[in-house]
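A.B. asks: This is the structure, below, for whatever I ask next.
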Amino acid sequence: AEAYTTCPGLKGGFFDWTLSLDERVEALAKQATLTEQIAQLTNDAPAIVRLGIPAYNWLNDDEHGVKQAHATSFPNGCALGAMWSFETIHKVGQAVGQEARALHNAFVHMGNRGHQENGAGITMYAPNMNLVRDPRWGRAQEVYSEDPFLSSLYTAKFVSGAQQGNESKPERMQAAACCKHYAAYDTESIPVKRVNFSATVDSRNMWETYMPVFRSCVQSGQAAHVMCSYNAINGVPTCGDPKLLNGILRDQWKWPGFVVSDYDAWAQIYETHNYCPNMTCAAAVGLNAGMDQEGGGTKAIAQLQAAIDSHMTTEEDVTTAFKR
């Protein structure tokens with residue numbers, strides 16, 4: 001350990017622990033090629049062997065417990081919501097985050113980072129804090145309530161508990177929580193498939209009903225990432241909506257985190273919503289809107305180089321997503 005901290009070859013690089021996080025990320029971005037950066041913009045990120053960056057699976061469905069054997073399984077979302085206890089949901093978040101970190105540390109120490117395992121990482125696809133607006137939704141049991149106020153407070157408490165488990169050192173993140181699914185999302189296949197659905201939402205309903213829980217998640221909870229949803233809102237796919245992503249999240253709410261798509265939702269800007277004429281367009285539209293990571297596969301990010309070559313987006317936009 002002592003040799004590591006004094007090695008002259010590490011000074012000023014991204015392995016230099018004396019630098020700030022932003023400085024280390026900037027150093028890494030300068031050394032990674034454009035091709036390497038694009039390849040990282042997916043939840044199953046490959047290793048960059050020449051730089052010593054290991055493979056990592058960002059997908060961990062830890063909504064009410066770590067998705068691995070021997071982890072604590074807490075009651076599902078609606079049961080947690082029925083407690084009406086903000087102190088308890090905070091402790092639930094702390095426990096889930098702690099177990100996620102512990103499991104990941106165990107995999108690392110065994111020489112297996114578990115990058116093929118759902119639930120072996122420290123980036124949690126949790127909580128699911130959508131509102132129950134239609135009883136036919138098959139995932140209503142995952143969420144806390146139908147009430148924007150209750151769900152907002154619950155979400156902030158779970159997220160802060162999961163991320164800052166060690167409250168004596170809040171600058172050290174225990175696990176990274178995700179606000180999902182953004183936004184106006186509460187359908188599976190009835191009355192229409194979620195990947196084709198466009199929610200018609202007026203401005204008042206959007207801000208009074210659907211947005212409070214997300215604002216609470218990113219501002220009060222300070223969640224590390226947000227997952228855009230399968231649906232469109234008023235004809236625009238959420239994963240390709242610049243007003244929803246860069247506009248509200250970053251410009252209005254000053255949120256510094258990264259955006260991941262629900263599984264294949266970035267690609268579905270073209271495939272199911274037909275918002276674009278081809279996948280190259282969808283890749284550019286998503287990135288330009290504020291997307292950073294393709295959840296599921298690589299169909300969209302595989303077209304980013306073509307989108308750059310066609311002047312539909314830029315290398316700088318790729319690097320921005322990579323650094324986030």
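The values are calculated or read from the model by the stated rules, or taken from the named source; none is laboratory data. From a predicted model like this one, the values you see are computed outputs, not experimental measurements. For neighbour counting, all protein chains shown are included, and Cβ atoms are generated from backbone atoms with ideal geometry for every residue, glycine included. Each accessible area value is taken on the protein alone, full model and side chains, heavy atoms only, with ligands, DNA and RNA left out. Shrake-Rupley method; radii C 1.70, N 1.55, O 1.52, S 1.80 Å.
A.B. asks: Among the residues of segment 243-274 satisfying the criterion of being of a type in the set (S, T, N, Q) and open to solvent by 10 Å² or more (accessible area, probe 1.4 Å), which is farthest from the chain's Cα centre (by Cα)? If you could, list the steps in order and put the result at the bottom.
C.D. replies: Restricting attention to segment 243-274, the residues satisfying the condition of being of a type in the set (S, T, N, Q) are 246, 252, 261, 268, 272, 274.
With the extra rule that they be open to solvent by 10 Å² or more (accessible area, probe 1.4 Å), the set shrinks to 246, 252, 268, 272, 274.
Values: Asn246: 15, Gln252: 19, Gln268: 17, Thr272: 22, Asn274: 24 Å.
Top of the filtered list is Asn274.
A.B. asks: For segment 35-71, which positions are buried (at least 19 other Cβ atoms within 10 Å of the Cβ) and at positive phi?
C.D. replies: Passing the criteria: only Gly65.
A.B. asks: Next question. How many of the residues making up segment 275-302 are out of contact with any strand residue (DSSP E or B) (no Cβ under 6 Å at 6 or more places or on another chain) and open to solvent by 60 Å² or more (accessible area, probe 1.4 Å)?
C.D. replies: Filtering segment 275-302 down to residues out of contact with any strand residue (DSSP E or B) (no Cβ under 6 Å at 6 or more places or on another chain) leaves 276-289, 296-297, 299, 302.
Restricting the remaining residues to those that are open to solvent by 60 Å² or more (accessible area, probe 1.4 Å) gives 277-278, 288, 299, 302.
Adding up the residues that qualify gives 5.
A.B. asks: I'm checking my understanding of the structure. Among residues of segment 1-60 that are touching a residue at least 24 places away in the same chain (Cβ under 8 Å) and of a type in the set (Asp, Glu), which one is nearest to Gln303 (Cα to Cα)?
C.D. replies: Asp44
A.B. asks: Please enumerate the residues belonging to segment 75-121 that are outside any helix (DSSP H, G or I), under 22 Å from the mean Cα position of the chain (by Cα) and either acidic (Asp, Glu) or modelled with pLDDT of 95 or more (or both). Outline the logic, then answer.
C.D. replies: The first filter runs over segment 75-121 and keeps only residues outside any helix (DSSP H, G or I), leaving 75-76, 82-85, 110-121.
Checking the rest, the ones that are also under 22 Å from the mean Cα position of the chain (by Cα) come to 76, 113-121.
Hit for segment 75-121 is Glu117, nothing else.
A.B. asks: Sticking with this one: Test Gln222 against the stated conditions and say whether it is out of contact with any Lys or Arg (no Cβ under 8 Å at 6 or more places or on another chain), at positive phi and open to solvent by 20 Å² or more (accessible area, probe 1.4 Å). First the steps, then the outcome.
C.D. replies: Working: out of contact with any Lys or Arg (no Cβ under 8 Å at 6 or more places or on another chain): yes; at positive phi: yes; open to solvent by 20 Å² or more (accessible area, probe 1.4 Å): yes.
Against the criterion (out of contact with any Lys or Arg (no Cβ under 8 Å at 6 or more places or on another chain), at positive phi and open to solvent by 20 Å² or more (accessible area, probe 1.4 Å)), Gln222 qualifies.
A.B. asks: Turning to a different aspect of this structure: Return the only residue of Asn112, Asn128, Asn76, Asn105 being in contact (Cβ under 8 Å) with a residue 40 or more places away in the chain and open to solvent by 30 Å² or more (accessible area, probe 1.4 Å).
C.D. replies: Every option except Asn76 fails the conditions.
A.B. asks: Criterion first (crowded, with 17+ Cβ neighbours inside 10 Å, touching a helix residue (DSSP H, G or I) at 6+ places or on another chain (Cβ under 8 Å) and farther than 26 Å from Gln293 by Cα) does Ser152 satisfy it? It would help to see each step written out before you state the result.
C.D. replies: Values: crowded, with 17+ Cβ neighbours inside 10 Å: yes; touching a helix residue (DSSP H, G or I) at 6+ places or on another chain (Cβ under 8 Å): yes; farther than 26 Å from Gln293 by Cα: no.
Against the criterion (crowded, with 17+ Cβ neighbours inside 10 Å, touching a helix residue (DSSP H, G or I) at 6+ places or on another chain (Cβ under 8 Å) and farther than 26 Å from Gln293 by Cα), Ser152 does not qualify.
A.B. asks: Could I ask something else about it? When you check Lys67 against the structure, is it within 22 Å of Gln174 (Cβ to Cβ), part of a helix (DSSP H, G or I) and within 23 Å of the chain's Cα centre (by Cα), yes or no? Explain how you work it out, then say what you get.
C.D. replies: Details: within 22 Å of Gln174 (Cβ to Cβ): yes; part of a helix (DSSP H, G or I): no; within 23 Å of the chain's Cα centre (by Cα): yes.
So Lys67 does not fit the description; no.
A.B. asks: Can you name the number of the only condition in (1) among the hydrophobic types (A, V, I, L, M, F, W, C); (2) open to solvent by 40 Å² or more (accessible area, probe 1.4 Å); (3) more than 28 Å from Ser160 (Cβ to Cβ) that Ala32 fails?
C.D. replies: Just one mismatch for Ala32, condition (2).
A.B. asks: Assess whether Gln164 counts as being of a type outside the set (Lys, Arg), open to solvent by less than 50 Å² (accessible area, probe 1.4 Å) and farther than 16 Å from Arg215 by Cβ. So that I can check it myself, show each step before the final result.
C.D. replies: Values: of a type outside the set (Lys, Arg): yes; open to solvent by less than 50 Å² (accessible area, probe 1.4 Å): yes; farther than 16 Å from Arg215 by Cβ: yes.
Here the answer is yes, as Gln164 does meet what is asked.
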